[in-house]
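Every number in this text was worked out from the coordinates using simple rules, so none of it is lab data. From a predicted model like this one, the values you see are computed outputs, not experimental measurements. Cβ atoms come from the backbone with ideal geometry, glycine included; neighbour counts cover every protein chain shown.
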Amino acid sequence: MVCVDDGSRDDTDEAALRAGAHVVRHPVNLGQGAAIQTGVEYARKQPGATVFATFDADGQHQVKDVIRMIDRLSADDVDLVVGTRFADPGVVSRIPLAKRLVLRAAARLSPRNRKLGLTDAHNGLRVFNKTVADGLNITMSSMSHASEFITLAYENRWRVAEEPVEILYTDYSKSKGQPLLNGVNIIFDGLLRGRTSR
Amino acid sequence: MNWIQALLIVSVLALLVYLLRSRGSARSKAWVKVGYVVFVIGSIYAILRPDDTTVVANWLGVDRGADLITYMLIIAFAFTTLSAYMRFKDIELKYARLARAVALQNARVPEQRG
């Protein structure tokens with residue numbers, strides 16, 4: 001377990017270390033995309049690491065979902081399993097209406113999401129193998145990393161599957177979540193992606 | 001459509017394409033310098049013979065030379081803003097990579113239990 005402390009000023013790193021996590025601490029705040037890249041770069045250096053998972057630390061994800069996704073990764077012979085909160089018959093999360101509409105629209109409008117058959121544009125729960133971990137190069141430090149992840153999957157032809165997961169919208173996770181207006185930034189970053197040096 | 005309208009639209013689009021296509025290669029830097037030299041020569045000429053800008057403006061369908069200069073200024077400003085934004089993004093990425101290298105060097109491993 002790797003905990004990436006994105007430059008927080010409280011005792012997050014100490015608490016995580018005591019709880020038994022490897023702690024990697026950004027000296028300054030960079031954003032979630034940068035934190036995921038750091039965590040994966042740390043994890044892929046560990047000898048024997050074969051399966052990787054990203055897991056938002058705000059309490060919205062469930063451990064049982066990760067376990068199911070790991071099983072799926074080995075059973076289905078895919079490179080990447082992405083969580084979706086919009087699985088039709090499966091688990092239903094209580095998603096605020098506005099958020100549901102925007103996220104669904106984003107998934108439908110993104111050509112890459114469509115080609116890969118993904119229904120959730122921004123799910124923080126992902127399980128993947130060493131191929132994906134080694135190829136991962138997230139350059140969007142901000143929240144735009146989720147779409148960049150999908151773009152990378154598309155460009156590198158990783159085999160992607162989707163697994164229904166439950167998202168808990170607690171007061172804490174809502175306070176840590178991104179406002180919907182941030183979608184504007186994500187679209188803009190997506191248009192400029194690849195224009196900057198890698 | 002006036003000539004000036006066509007010219008303005010084409011320049012805006014050309015600048016955008018230029019900006020998005022070429023990423024800091026030696027050639028594009030050289031063109032920036034060439035453009036700057038042309039700009040300086042043009043400005044000196046316009047300063048010495050301000051009425052001539054009106055003549056050029058009239059060729060393009062603009063009444064006054066001052067208006068033409070304003071239009072050109074707007075294009076230059078948009079170009080500067082966008083290129084500053086792109087450069088800022090580049091630097092941000094380098095900064096993130098630097099911070100990541102520091103973070104990975106100082107990674108802390110929990111004590112083995114059991």
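With neighbours defined as other Cβ atoms within 10 Å of a residue's Cβ, the residues A:SER147, A:SER141, B:SER11 order from fewest to most as B:SER11, A:SER147, A:SER141. Value of Rg to Rh for the range A:54-192, rounded to two decimals, is 0.93; Kirkwood radius and Rg both from alpha-carbon coordinates. Taking every DSSP helix (H) stretch of at least 4 residues in chain A, weighting each as -39,500 (n - 2.57) and dividing the sum by the residue count yields a mean residue ellipticity at 222 nm of -12500 deg cm²/dmol. Longest span of chain B, sites excluded, free of trypsin sites (Lys or Arg not before Pro) in DSSP loop with at most 12 other C-beta atoms within 10 Å? In short, B:1-63.
Within the listed set B:ALA46, B:ALA76, B:ALA103, the residue fluctuating most in the Gaussian network model of chain B (springs between alpha-carbon atoms under 10 angstrom) is B:ALA103.
A convex hull fitted to the Cα coordinates of the protein assembly as shown yields 189 cubic angstrom per residue.
Excluding same-chain neighbours fewer than eight residues apart, the lysines reachable from A:LYS45 by a Cα-Cα span under 28 Å are A:LYS64, A:LYS130, B:LYS89, B:LYS94.
Gyration tensor analysis over the Cα atoms of the range B:43-112 returns equivalent ellipsoid semi-axes of 55, 11, 6 Å (largest first, whole Å). Note down the magnitude of the dipole of the range B:3-82 about its Cα centre, charges +1 on Lys and Arg C-beta and -1 on Asp and Glu C-beta and zero elsewhere, to the nearest 20 debye. Result for the range B:3-82 is approximately 560 debye, rounded to the nearest 20.
Ranked for footprinting exposure by Cβ neighbours inside 10 Å, fewest first, B:VAL102, B:VAL40 give B:VAL40, B:VAL102. With just the Cα atoms defining each centre, how far is the range B:26-42 from the range A:1-60? Give it in Å. First find each Cα centre; the distance between them is then 46 Å.
The residues A:HIS145, A:HIS61, when put in order of fewest to most other Cβ atoms within 10 Å, stand as A:HIS61, A:HIS145. Here is how the number arises for chain B: DSSP H runs of 4 or more residues each give -39500 (n - 2.57), the sum is divided by the residue count, and the result at 222 nm is -28500 deg cm²/dmol.
Springs join every pair of Cα atoms under 10 Å in this Gaussian network model of chain A, and among A:ASN113, A:ASN29, A:ASN129 the largest mean-square fluctuation is at A:ASN29.
Peptide A:29-35 has a mean of 3 when you count, residue by residue, the C-beta atoms of other protein chains within 10 Å of its C-beta. With springs connecting C-alpha atoms under 10 Å apart, model chain A as a Gaussian network and identify which of A:ALA53, A:ALA146, A:ALA105 has the largest mean-square fluctuation. Fluctuation is largest for A:ALA105.
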